[in-house]
Amino acid sequence: MTQELTAARAAQPASPGAAASSEEAGSHAVRLEGLYPAERASISRDEGLMLYRDMTLGRRFEDKCAEMYYRGKMFGFVHLYNGQEAVSTGVIRAMRLQHDWFCSTYRDHVHALSCGVPAREVMSELFGKATGCSKGRGGSMHLFSREHHLLGGYAFIGEGIPVALGAAFTSRYKRDALGQADSDAVTAAFFGDGTCNIGQFYECLNMASLWKLPILFVVENNRWAIGMDHNRATSEPEIWRKAAGFGMVGEEVDGMDVLAVRAAAQRAVERARAGEGPTLLECLTYRFRGHSLADPDELREAAEKEFWAKRDPIKQLALRLTDMGLATPEELKAIEKEIDAEVADCVEFALAAPEPDGSELTRYIWADD
Ligand SMILES: Cc1ncc(C[n+]2csc(CCOP(=O)(O)OP(=O)(O)O)c2C)c(N)n1
Ligand SMILES: [Mg+2]
């Protein structure tokens, strides 16, 4: 499986050899380097620009969140996704929006954006406004959108995995028991490396494999669970290998390379839609900021941060698109400018939006509401 993945790997690092070596950066970095070199995945100009736009929106949105958080516009814990964009974009944008299903964690803003939830609704939710995608009731960790098939962000780790499993079961049940032949939706469940030591993860792998459910278990292995090093917390750090114990396909992929993630996700989705069951996809990635905006991020070594910063997934894609003649630097700049305008607009919208009305406190508890 590693071989297959290696073949799908796309871009070389932005500046090979310029950063800290993988040995200095630790075993997570050594694993990533083990995935090189590779054949290049092919992509069209339109697909490439769509991926670039989605990842740039994720990054710029999160940067704006940090600014707003420090200006006191949002409350509670806020977990940013900077550095991991290739996973959200690579998986979600390989699936069918508003048809397939997606389930996130507390690090959910960018998953919501990739699913197509408007930036205005996401930012409003972070400000606790009535125009938020969860009507201002959820905040940063509880984004939800029925319209965009986002099954939620979850503050408890592992909590979303059985919910995602239920969605995958529903697809099969509709087809096999209710005779709805066109019921072919696939579900993607996102969660972190630390979450793979939780019981629900194993229970769900078992059921998914037993019933051949159409689900992708997407592990965003960023090496850290708050301040706990993945290698200290788990008996088998190569999470994708755990799939074998359940008779399931497992793959590891360079989670800093959107084209590699996309290719792996496409293979997994194809298997799931064909009734061949689930995949455990481990994406090796890194978060560029602290665990949450309340974390001063003083634990991690400078060499490690430097190694991963050199593999910034957005810069890698930009290089790839320009190298292949699919876009000019000016075109990419124009996209960034448009995104900046979209992000500025969503902040303005959210600031001006109304608070939820106190008289509606008990609404939206039941589905009928
Ligand atoms: C059931 C449960 N136990 C403990 C916590 C506290 N907690 C919050 S985040 C976190 C680490 C999760 O790490 P990981 O799954 O790697 O996700 P990442 O933050 O790296 O995205 C923990 C233990 C929790 N939220 N839920
Ligand atoms: Mg983690």
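Structure above, values below:
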item	result
In the range 297-326, the residues that are farther than 20 Å from residue 85 by Cα and among the aliphatic types (A, V, I, L, M)	299, 302, 303, 324, 326
Residues satisfying the stated conditions in the range 188-226, i.e. of a type in the set (Val, Ile, Thr) and closer than 15 Å to residue 276 by Cβ	215
Some residue of the range 224-246 being of a type in the set (Val, Ile, Thr), within 15 Å of ligand 1 (Cβ to nearest atom) and part of a helix (DSSP H, G or I)	yes
Criterion (farther than 26 Å from residue 64 by Cβ and surrounded by 18 or more Cβ atoms within 10 Å (Cβ to Cβ)) met by exactly one of 158, 152, 128, 138	158
Of the criteria (1) aliphatic (A, V, I, L, M); (2) farther than 30 Å from residue 299 by Cα; (3) surrounded by 19 or more Cβ atoms within 10 Å (Cβ to Cβ); (4) modelled with pLDDT under 95, which one residue 7 fails	(3)
Residues being surrounded by fewer than 13 Cβ atoms within 10 Å (Cβ to Cβ) and farther than 15 Å from residue 209 by Cβ - total across the range 232-251	3
Failed item in (1) outside any helix (DSSP H, G or I); (2) in contact (Cβ under 8 Å) with a residue 60 or more places away in the chain, with residue 269 passing the rest	(1)
Candidate set: the range 325-356, residues that are assigned to a helix (DSSP H, G or I) and touching a Phe, Trp or Tyr at 6+ places or on another chain (Cβ under 8 Å); chosen: the one farthest from residue 63 (Cα to Cα)	332
Qualifying residue in the range 308-321 (condition: in a helix (DSSP H, G or I), surrounded by fewer than 19 Cβ atoms within 10 Å (Cβ to Cβ) and over 21 Å from the mean Cα position of the chain (by Cα))	yes
Breaking point among (1) touching a Phe, Trp or Tyr at 6+ places or on another chain (Cβ under 8 Å); (2) hydrophobic (A, V, I, L, M, F, W, C); (3) within 16 Å of ligand 1 (Cβ to nearest atom), for residue 185	(3)
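Condition check ((1) under 17 Å from the mean Cα position of the chain (by Cα); (2) among the acidic types (Asp, Glu)) across all residues:
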position: 190; (1), (2): yes, no
position: 199; (1), (2): no, no
position: 202; (1), (2): no, no
position: 205; (1), (2): no, no
position: 211; (1), (2): no, no
position: 224; (1), (2): yes, no
position: 229; (1), (2): no, yes
position: 232; (1), (2): no, no
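The values are calculated or read from the model by the stated rules, or taken from the named source; none is laboratory data. Computed from a prediction, not measured in an experiment: that's the story for all the values here. Glycine also receives a Cβ, built like all others from the backbone with ideal geometry; neighbour counts cover every protein chain displayed.
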